[in-house]
Every structure is written in C-alpha cells, then in structure tokens.
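Single-structure report; data block below.
Please treat every number below as a calculation from the coordinates, not as lab data. Please read these numbers as outputs of a predicted model, since none were measured by experiment. We place every Cβ from the backbone using ideal geometry, glycine too, and count neighbours over all the protein chains shown.
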Amino acid sequence: MGERSAQDLSTQPPLGSLFTTTIQSLSLSPQQAKIVALIMEGKKDETIAFELGLSKHTVRDYLNKRIFPRLEVANRVELILKIAALRCSECPHDRCPRK
C-alpha cells in the first residue's frame, strides 16, 4: 500500500510545472523562466539547451549572468531551495511543514 504504479507516475505533471506560479512571480524573462522550470525538473544544461534550441553555453550564460544574480543565489542547489521555499510560503493550507 502507498506505492504508486508507473502509470500513476506518468500522469503526474512535470515537477517544474508545480512551480509555475512561483517562477512567474520572480520577474524573469520567458526564456529565463523556462530554464528555471527545467532546472526544477532536474534537467542538465545539455538537455535544457536541446529542448530550448540553445547551446549549452547560452544556457550557462543565462544561469550565471542573469538568473543567479537576479535571484541572489550562487548555484542550482540554492536556486532550487529558494524556489521551493517561496512555493512553500505561498502554500494555502496549514499542512505545509515550513509553516
């Protein structure tokens, strides 16, 4: 009991989509928001570049020169933690462990 089947998991929305409202509230450009959403899904630079039709160097430039400074984070881990914390603070119910 409590285990999910592969079919149940395949119907779940991508992790990045769970953070859509939070990401949109960060005043990022549409391209920056897409990159952040893909990072939230655990994608690597090469995969993000392929999905968005960019080079991996462009993705890294977006991260290091635009996204990280704007969000005042130093790396992906801090980015993920910051967005997760922001989403949790927006959580409308009392069951959120951070409240």
Mean Cβ count within 10 Å, highest first, over the residues of peptides 33-39, 55-61: 33-39, 55-61
Apply the Karplus curve 6.51 cos²θ - 1.76 cosθ + 1.60, θ = phi - 60°, to the phi angles in the range 22-35 and return the couplings in whole Hz, x for Gly and Pro. 5, 4, 5, 7, 8, 6, 9, 5, x, 5, 4, 5, 5, 4
Can you work out the Karplus-derived ³J(HN,Hα) for every residue in the range 73-81? Use 6.51 cos²θ - 1.76 cosθ + 1.60 with θ = phi - 60°, whole Hz, and x for glycine or proline. 10, 9, 7, 4, 4, 4, 4, 4, 5
